[in-house]
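Structure first, commentary second.
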Amino acid sequence: QVRLVESGGGLVQAGGSLRLSCAASGRTFSRSSLGWFRQAPGKEREFVSTISWIGSITYYADSVKGRFTISRDNAKNTVYLQMNSLKPEDTAVYYCALRGDSGSSRMLDYDYWGQGTQVIVSS
């Protein structure tokens, strides 16, 4: 049973920073690709970033490129999302997801999901 637990969300002013964490258990983490997605109120869930298990190749949505950084610590079975220069439009519930293949921006490619952590950016 794979379990993903996100943390680090909260309320921050525009221009501020937050670091989200996602701790994984139940699977060989080092051979898994991880993704971050978000869902704003009244909107569909969307891709934010992914990091592959081979070479830790990263990919970002255009809306966060240059502001967000994804990273992983295989020794801690944890993936991080450093979010800088936050904007009100970044307000959403952020979810991490895991798959046993290369990184992907498609939700349907992921097998396991966390419960989400809320990020609110005030203007």
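The values are calculated or read from the model by the stated rules, or taken from the named source; none is laboratory data. Values in this document were obtained by computation on a predicted structure and should not be read as measured data. For neighbour counting, all protein chains shown are included, and Cβ atoms are generated from backbone atoms with ideal geometry for every residue, glycine included. The protein model used for the area step is the full one, side chains on, heavy atoms only, and it has no ligands, DNA or RNA in it. Shrake-Rupley method; radii C 1.70, N 1.55, O 1.52, S 1.80 Å.
Counting protein heavy atoms only, the range 78-123 has 46 percent of its accessible area on carbon and sulfur, 1.4 angstrom probe. Computed 3J(HN,Hα) for the range 86-95, one whole-Hz value per residue from the Karplus formula 6.51 cos²θ - 1.76 cosθ + 1.60 where θ = phi - 60°, is 5, 10, x, 6, 7, 4, 4, 8, 9, 10, glycine and proline marked x.
The calculated FRET efficiency for the pair ILE120 and LYS76, based on their C-beta separation and a Förster distance of 30 Å, comes to about 0.65. Shown in residue order for the range 27-44 are the 3J(HN,Hα) couplings computed by the Karplus curve 6.51 cos²θ - 1.76 cosθ + 1.60 at θ = phi - 60°: 8, 5, 4, 5, 9, 10, 8, 10, x, 10, 10, 9, 9, 8, x, x, 10, 6 Hz (x for Gly and Pro). The residues packed around PHE37, meaning those with a beta-carbon under 14 Å from its beta-carbon, carry a net charge of -1 if Lys and Arg are +1 and Asp and Glu are -1. Surface exposure of the chain, expressed per residue as accessible area with a 1.4 Å probe, stands at 52 Å².
Beta-bridge orientation, the chain: approximately 90 percent antiparallel, per DSSP, counting only bridges with both partners inside.
In the range 1-56, Cα pairs under 8 Å separated by at least six residues give a relative contact order of 28 percent.
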